[in-house]
Amino acid sequence: MTRQEIFEQLNDIFIDVLDLEEVELNAETSANDIEEWDSLSHIQLIVAIEKVFGIKFTSLEIMKWKNVGEMVCSIEEKLK
Amino acid sequence: MQRFRIEHIGYLTVNIGDTAKSFEMLGYKAGRTVDDDTQQTRICFLHKEGEVNIELVEPYESNRTMQKMLVKQGVSPYHTCYEVDDIDEAYKLMMDSGWTALFEPVASPAFNNRRICYFWKRDVGLIELVNK
């Protein structure tokens, strides 16, 4: 799966989980940019991402992400 | 050695008054309802002698995450709370044990400003800690 495909999948997950009409994620997107992205919905995003990509994150990975780009890097690593 | 004593079970609800009334039949009495602007929720504890407390959590309209949870799962239990003697020590222990913190300990108006924090783990779900 390419980095672009991961972004596209993530876009769909964010729209579904956060109930957004649309979103255009990029590597710099962070919780500060999306009002609906709070600490509780972050967990819901993790659950959805793990399910869709068939991967599992560690708590350290989950808590160190500062933006979507770092999230995508973690997903890429897991999919290798 | 940190001890974790169950303090309450948290229920997400659309309306505290309606849910409290239904719990009355099960022998619970409602305490006062407190607004927690930080968490964007209204909170009411139900008590029954010798039993674990029930916490009713009614999200503000502006709390979109919890409002969506209500739409998806309806009124339902969604976390268990444990009382600890030292929440800072417990926080570190949980972090070292692979739990994910939703936020660092903060004062909670519903607990007379005792400090709380939330953790998540894939195999357990959500738990809350409250300082003694």
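Numerical summary
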read-out	value
Residue tally, condition touching a Lys or Arg at 6+ places or on another chain (Cβ under 7 Å) and small (G, A, S), over the range B:77-97	0
Filter result for the condition that a residue is within 14 Å of chain A (Cβ to nearest Cβ), closer than 29 Å to A:K64 by Cα and among the hydroxyl-bearing types (S, T, Y), over B:S108, B:S62	B:S62
Tally of residues being facing chain A (nearest Cβ under 10 Å) and either at pLDDT below 95 or surrounded by fewer than 20 Cβ atoms within 10 Å (Cβ to Cβ) (or both) across the range B:114-132	4
Long-range neighbours under 8 Å by Cβ, at least six apart or interchain, first residue at pLDDT below 90 within the range A:1-24, second surrounded by 19 or more Cβ atoms within 10 Å (Cβ to Cβ)	none
Strands (runs of 3 or more DSSP E) within the range B:24-113 that include 2 or more residues touching a residue at least 12 places away in the same chain (Cβ under 8 Å) and surrounded by 15 or more Cβ atoms within 10 Å (Cβ to Cβ)	B:29-36, B:41-47, B:53-59, B:76-84
Residues located in the range A:1-26, provided they are under 15 Å from A:S74 (Cα atoms) and either in contact with a His (Cβ under 7 Å, 6 or more places away or on another chain) or surrounded by 14 or more Cβ atoms within 10 Å (Cβ to Cβ) (or both)	A:I6, A:F7, A:Q9, A:L10
Any hit, the range A:23-36, residues being facing chain B (nearest Cβ under 9 Å), in a helix (DSSP H, G or I), farther than 18 Å from B:I127 by Cα and of a type outside the set (S, T, N, Q)	no
Check on A:I46, within 14 Å of chain B (Cβ to nearest Cβ), free of Cβ contacts under 8 Å to residues at least 60 places away in the same chain and surrounded by 19 or more Cβ atoms within 10 Å (Cβ to Cβ)	yes
Test: residue in the range B:79-88 that is closer than 24 Å to B:V14 by Cα, hydrophobic (A, V, I, L, M, F, W, C) and in contact with a Gly (Cβ under 8 Å, 6 or more places away or on another chain)	yes
Scope the range A:44-76; condition among the hydrophobic types (A, V, I, L, M, F, W, C) and either outside any helix (DSSP H, G or I) or farther than 17 Å from A:Q9 by Cα (or both); matching residues	A:I55, A:F57, A:L60, A:I62, A:M63, A:W65
Residue identified as crowded, with 19+ Cβ neighbours inside 10 Å and more than 10 Å from the chain's Cα centre (by Cα) among A:S59, A:S39	A:S59
Unmet requirement for B:E83, which otherwise passes all of (1) touching a helix residue (DSSP H, G or I) at 6+ places or on another chain (Cβ under 6 Å); (2) more than 14 Å from every other protein chain (Cβ to nearest Cβ)	(1)
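Table: residues versus (1) under 18 Å from B:F119 (Cα atoms); (2) within 16 Å of the chain's Cα centre (by Cα).
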site	(1), (2)
B:Q2	yes, no
B:H8	yes, yes
B:L12	yes, yes
B:G17	no, no
B:Y28	no, no
B:D36	no, yes
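The values are calculated or read from the model by the stated rules, or taken from the named source; none is laboratory data. If you're wondering where the values come from, they're calculated on a predicted model, not measured in any experiment. Note: ideal-geometry Cβ built from the backbone for every residue, glycine included; neighbour counts use all protein chains shown.
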